[in-house]
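Okay, so here's the structure we're looking at.
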There are 2 protein chains.
Amino acid sequence: MTIGILMAAGKSTRTNTTIPKQFHKICDRPILLYSLTTFERSQLVDLCLLMVPQEWKTTAEQMVGDFKKVKWVLPGGSTRHETSLIAIDFLRNLKPSLVVFHDAARPFLSLRLLETVIKEAKGFGAATAAIPVTDSVGYCEDGFLSSYASRESLYRIQTPQAFHYEIIDDALRKFQADDGTKPVFLLGKRVKIVEGDPYCFKITTSKDLELAHLLCRFFKEE
Amino acid sequence: MTIGILMAAGKSTRTNTTIPKQFHKICDRPILLYSLTTFERSQLVDLCLLMVPQEWKTTAEQMVGDFKKVKWVLPGGSTRHETSLIAIDFLRNLKPSLVVFHDAARPFLSLRLLETVIKEAKGFGAATAAIPVTDSVGYCEDGFLSSYASRESLYRIQTPQAFHYEIIDDALRKFQADDGTKPVFLLGKRVKIVEGDPYCFKITTSKDLELAHLLCRFFKEE
């Protein structure tokens, strides 16, 4: 069994909004429902677990009433790592073979990308969407460039990220990190890269939110 | 005097297209004309120099016939560094105080961003648009994640990039790099960061080209 875990427990400190960005509406629909719809449409996903902030649990339960695969809505922790652990612990009795995490703040998830990540994780144990960095990259200090990093073979790690259940369970228990693949990497397991796409960007700033508005209005007119 | 230098001399090996991506049309208009229009509209830019591949010179000259500020169309070199040097050498007799480089493959350049970069460069000697990296980042080897980089204070360096003429002239002569700001940094000069925006992305892959199509069709309907 494959379980989709939608990570929507963040508090959105960076978008300067009072409600978490994943609950914002674009085209009259809360952002988190977009990728949940992709999960719902995929024949490779059996059931979904939705992780939300404690105070949004009731609202979220109402929002997903029509989603047949969304079986559980749970309050997350205060960090991404904590939220992942809560989700993994909750699923233990179900014994899923595979779990696939996705950031709710990445609404434009294609079915193709979701399913490619799932297939690669089945074969390799762990897989993530990622996109090559084509800009030069540098570190900044007090508003000025302070050093450069190599962009050769550098990838921005996106989601979805899928794992054999035993691997992610073991990894999250042993290592903490802000990215879901890092504990698995630190455990010594390989993480397969699946080329993501630019639409699958994460809404972080208010500019990103504006871009998401544009895109969704466009897709709607198609 | 401030001269805008539009960098359109690249050969586009990564988009898998036969014509360079900056000459592709989105909404019936070659990509390079979009940012050139922003240059044309800015009261802070006096004249423009357009750098193109040798074999596109005649076509480019016809394209920019209606642009009052575009005074010169020149063939570039085989690398970004070479093209920058050709442009800087060509402008020597004109003695501009400031030059502002922009990648033609970044069509969605706002007037605000262009002018902020110019103003900061006037004050600090060098400035570039850059955008904070919000995804985790890692290096890839043979299709698998091979290490992680810190994303703390990490920026993707975009264009526009503006410089006092003497500084960039000196820097390009002494140091080679694939990014325009790096020679200036290596010269020991400070490069001010101006927060760019996600619209100002560089069209590199065919997916990027598709996203650019969507955005331009949307902006057109506004």
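Please treat every number below as a calculation from the coordinates, not as lab data. Everything numeric here is computed off the predicted structure, so don't read it as measured data. Using ideal geometry, Cβ is built from the backbone for each residue, glycine included, and neighbour counts are taken over all protein chains shown.
For this structure, a couple of remarks:
- Region B:2-221: mean projected area of Cα convex hull, nm²: 12.8 nm²
- A:Asp28-A:Lys57 FRET efficiency (beta carbon distance; Förster radius 35 Å; 0.05 resolution): 0.95
- Trypsin sites (Lys or Arg not before Pro) restricted to region B:29-138 and DSSP loop, no more than 13 other C-beta within 10 Å: B:Lys68
- Global dimensions of region B:145-222 from alpha-carbon coordinates: Rg and Dmax equal 16.7, 47 Å.
- Per-copy distances of the B:Lys57 label point, shortest first, in nm (7 angstrom along Cα→Cβ): 7.2
- Among the listed pairs A:Lys21/A:Lys192; B:Lys71/B:Lys95; A:Lys21/A:Lys68; B:Lys71/B:Lys182; B:Lys11/B:Lys71; B:Lys21/B:Lys122, those with a Cα-Cα distance over 21 Å are A:Lys21/A:Lys192; A:Lys21/A:Lys68; B:Lys71/B:Lys182; B:Lys11/B:Lys71; B:Lys21/B:Lys122.
- Net dipole in debye of the protein assembly as shown [+1 Lys, Arg Cβ; -1 Asp, Glu Cβ; about Cα centre; nearest 20]: 80 debye
- Lys/Arg +1, Asp/Glu -1 at C-beta; region B:2-221 dipole; positive extreme among B:Pro20, B:Val64, B:Ser153: B:Val64
- Remark on B:Ser146: its backbone amide H falls under 5 Å from those of B:Tyr139, B:Cys140, B:Glu141, a criterion applied only to residues 5 or more positions apart or on other chains, H modelled at 1.01 Å from N.
- Across identical copies of the chain, A:Lys122 has label-point separations of 6.1 nm, listed in ascending order, with the point defined 7 angstrom from Cα along Cα→Cβ.
- Beta bridges from DSSP with both residues in the protein assembly as shown: antiparallel share about 50 percent, rounded to the nearest 5.
- Between the listed residues B:Cys48, B:Pro30, B:Leu109, the Cα displaced farthest toward the positive end of the dipole of region B:2-221, a dipole computed from Cβ unit charges relative to the Cα centre, is found at B:Cys48.
- A simple charge model with +1 on the Cβ of Lys and Arg, -1 on the Cβ of Asp and Glu and nothing else charged puts the dipole of chain B at about 420 debye relative to its Cα centre.
- Calculated FRET value between B:Lys95 and A:Asn93, using beta carbons and R₀ = 60 Å, to 0.05: 0.20
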